[in-house]
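This report refers to the structure that appears directly beneath it.
Laboratory data are not the source of any read-out in this text; all were calculated from the coordinates shown. Since this is a predicted model, take the numbers as computed values, not measurements. Ideal geometry is used to build each Cβ from the backbone, glycine not excepted, and the neighbour counts take in all protein chains shown.
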Amino acid sequence: MIPYTHPRYESLKKREKLADGYRDGFTVLEGLIAHGRGEAFNYLLGETTVPPAREAIKAGAALLFLAEAPVISVNGNTAALCPEVMVELSKALKAKLEVNLFYRNDDRVERIKRKLLECGADEILTEYSADIPGINSERRKVSREGIYSGDVVLVAIEDGDRTEALVRQGKGVIAIDLNPLSRTARKATITIVDDVIRVMPALTEEVKHFSNRNEAMRVLRSYNRDRNLQEVLNYIIKFLTGTLSR
Ligand code: ATP
């Protein structure tokens, strides 16, 4: 039991969720390592949503709002960290939820599906009848009704190969990734450099605020991925420069 007053409470809670996810069979050991890389970048961002991330969240919400067939891709880490809010977002958008795993096996897929259904989801896509060209891993297999035919895909804690392949297929890809230098961050249509746990509720709120397409298009036009990533890096530099003198 982590005491609420512990200075690293939030961070330790996340580790606990992922360790539980591992014990419950959603998360793999490799996913725990990927979380560690994320934690390091989270530290460098001051463990907060920096203004460029806030701007990217708005742009991501706009793209999701404008989508005809949005899909939320769920993996072992996101299923352990924030299943409830992913279901809430899918309902707000009428988006499909698809379980898509790098280290896929039927048991993990089934466990994650069950978790999302317990959180209130109506339907989870787990049939993998289509292939995304240009990917060698198991992640090339996707649902025909979901990622394969979707026009906008939300991914988090993703690898660069699939992001790149989805973009090549003409899809809008919104990536949540704490590492502004990753291939995913540099290839997605919109990159939100922030912790998925902070992003999901904010994204859900933003999506609910949009009421007309013109407003969403205006937000999208003002977003520029590379400029946004540079602004995030500037925040990291500023944070590092000031840290020891604080
Ligand atoms: P790429 O192939 O895009 O260069 P990678 O090889 O780093 O990325 P993975 O090993 O799959 O890809 O790592 C997943 C990414 O997810 C890492 O960049 C990590 O910073 C990020 N990440 C980990 N935990 C979180 C989290 N809680 N929220 C957002 N991003 C996270």
### Query
I197 passes all but one of (1) assigned to a loop (DSSP other than H, G, I, E, B); (2) closer than 22 Å to E30 by Cα; which number fails?
(1)
### Query
Does E145 satisfy the condition of being in contact (Cβ under 8 Å) with a residue 24 or more places away in the chain and in a loop (DSSP other than H, G, I, E, B)?
no
### Query
Would the range 198-207 turn up any residue that is closer than 19 Å to C82 by Cβ, among the β-branched types (V, I, T) and surrounded by 24 or more Cβ atoms within 10 Å (Cβ to Cβ)?
yes
### Task
Pull up the range 67-91, narrow it to residues that are polar (S, T, N, Q) and assigned to a helix (DSSP H, G or I), then point me to the one that is farthest from the chain's Cα centre (by Cα).
S90
### Query
With respect to Y22, is the statement that it is farther than 22 Å from L178 by Cβ and of a type in the set (F, W, Y) true?
no
### Task
Select from the range 128-147 the residues that are among the β-branched types (V, I, T) and under 21 Å from L64 (Cβ atoms) and write down the one among them that is farthest from the chain's Cα centre (by Cα).
I132
### Message
Could you check the range 148-170 and list, in sequence order, the residues that are over 12 Å from the mean Cα position of the chain (by Cα) and touching a residue at least 24 places away in the same chain (Cβ under 8 Å)?
### Response
S149, G150, D151, V152, G160, D161, R162, E164, A165, L166, R168, Q169
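Yes or no, residue by residue, for (1) hydrophobic (A, V, I, L, M, F, W, C); (2) more than 20 Å from V153 (Cβ to Cβ):
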| position | (1), (2) |
| --- | --- |
| L18 | yes, yes |
| G36 | no, yes |
| T48 | no, yes |
| A56 | yes, no |
| Y103 | no, no |
| I124 | yes, no |
### Query
Among the residues of the range 162-190, how many are near the ligand (Cβ under 10 Å from one of its atoms), outside any helix (DSSP H, G or I) and buried (at least 24 other Cβ atoms within 10 Å of the Cβ)?
5
### Query
Do any residues in the range 22-46 that are over 17 Å from A79 (Cα atoms) have Cβ atoms under 9 Å from those of residues that are near the ligand (Cβ under 8 Å from one of its atoms) and assigned to a helix (DSSP H, G or I), where the two are at least six apart or on different chains, and which pairs are they?
E39/K14
#### Entry: Subset of the range 76-102 (residues that are within 19 Å of R162 (Cα to Cα) and surrounded by fewer than 21 Cβ atoms within 10 Å (Cβ to Cβ))
F102
### Task
Please enumerate the residues belonging to the range 148-161 that are surrounded by 19 or more Cβ atoms within 10 Å (Cβ to Cβ), away from the ligand (no atom under 16 Å from the Cβ) and not in a helix (DSSP H, G or I).
G150, V152
